[in-house]
1. If only one of Leu60, Leu52, Leu76 is without any contact (Cβ under 8 Å) to a residue 60 or more places away in the chain and in contact with a strand residue (DSSP E or B) (Cβ under 6 Å, 6 or more places away or on another chain), which one is it?
2. When residues of the stretch 18-54 are filtered for being of a type in the set (S, T, N, Q), within 18 Å of Lys72 (Cβ to Cβ) and open to solvent by 50 Å² or more (accessible area, probe 1.4 Å), how many remain?
3. If I filter the stretch 56-71 down to residues being assigned to a strand (DSSP E or B) and touching a helix residue (DSSP H, G or I) at 6+ places or on another chain (Cβ under 9 Å), which single residue comes out as farthest from Ala24 (Cα to Cα)?
4. Quick check on the stretch 55-66: of everything there that is modelled with pLDDT of 95 or more and not polar (S, T, N, Q), which residue is surrounded by the fewest Cβ atoms within 10 Å (Cβ to Cβ)?
5. Here are some conditions: (1) touching a residue at least 24 places away in the same chain (Cβ under 8 Å); (2) touching a helix residue (DSSP H, G or I) at 6+ places or on another chain (Cβ under 7 Å); (3) open to solvent by 70 Å² or more (accessible area, probe 1.4 Å); (4) not in a helix (DSSP H, G or I). Pro6 meets all but one. Which one does it not meet?
Amino acid sequence: MGRKLPPFAAVRAFEAAARHLSFAKAADELCLSPSAISHQVRALEEYLDTQLFERRNNKLRLTLTGDAYAGKMTTLLD
């Protein structure tokens, strides 16, 4: 039986957005649009069935779960 891993593109988008706390800066880094980053992050949140960011007044903030996941993903991607 194979492993069920999250989509890699979504993980990359999330990790960049988490480091920058900005979809726009993550988009610049990954040569994507901010909308594409947002869609990838939403897809990862749906896959994990948890909210990774709090989105308020055009500002991003990691949830506790998002912060823990970001730390693990940054380490793994490095």
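1. Working: Leu52 fails: in contact with a strand residue (DSSP E or B) (Cβ under 6 Å, 6 or more places away or on another chain); Leu76 fails: in contact with a strand residue (DSSP E or B) (Cβ under 6 Å, 6 or more places away or on another chain).
When all the criteria are applied, what remains is Leu60.
2. Step one: of the stretch 18-54, the residues of a type in the set (S, T, N, Q) are 22, 33, 35, 38, 40, 50-51.
Those left that are additionally within 18 Å of Lys72 (Cβ to Cβ): 40, 50-51.
Restricting the remaining residues to those that are open to solvent by 50 Å² or more (accessible area, probe 1.4 Å) gives 40, 51.
Counting residues in the stretch 18-54 that are of a type in the set (S, T, N, Q), within 18 Å of Lys72 (Cβ to Cβ) and open to solvent by 50 Å² or more (accessible area, probe 1.4 Å) gives 2.
3. Taking the stretch 56-71 first, the residues assigned to a strand (DSSP E or B) are 56, 59-62.
When the remaining residues are screened for being touching a helix residue (DSSP H, G or I) at 6+ places or on another chain (Cβ under 9 Å), the result is 60, 62.
Numbers: Leu60: 11, Leu62: 16 Å.
My answer is Leu62.
4. Here is the first cut: in the stretch 55-66, the residues modelled with pLDDT of 95 or more are 61-66.
Next, from what is left, pick out any that are not polar (S, T, N, Q): 61-62, 64, 66.
Values: Arg61: 11, Leu62: 19, Leu64: 8, Gly66: 23.
Among residues in the stretch 55-66 that are modelled with pLDDT of 95 or more and not polar (S, T, N, Q), the one surrounded by the fewest Cβ atoms within 10 Å (Cβ to Cβ) is Leu64.
5. For Pro6, the exception is condition (3).
The values are calculated or read from the model by the stated rules, or taken from the named source; none is laboratory data. Just so it is clear, the model here is predicted, and its values are computed rather than measured. With ideal geometry, Cβ positions are generated from the backbone for all residues, glycine too; neighbour counts draw on all protein chains shown. Areas reflect the complete protein model, heavy atoms only, side chains present, ligands, DNA and RNA absent. Shrake-Rupley method; radii C 1.70, N 1.55, O 1.52, S 1.80 Å.
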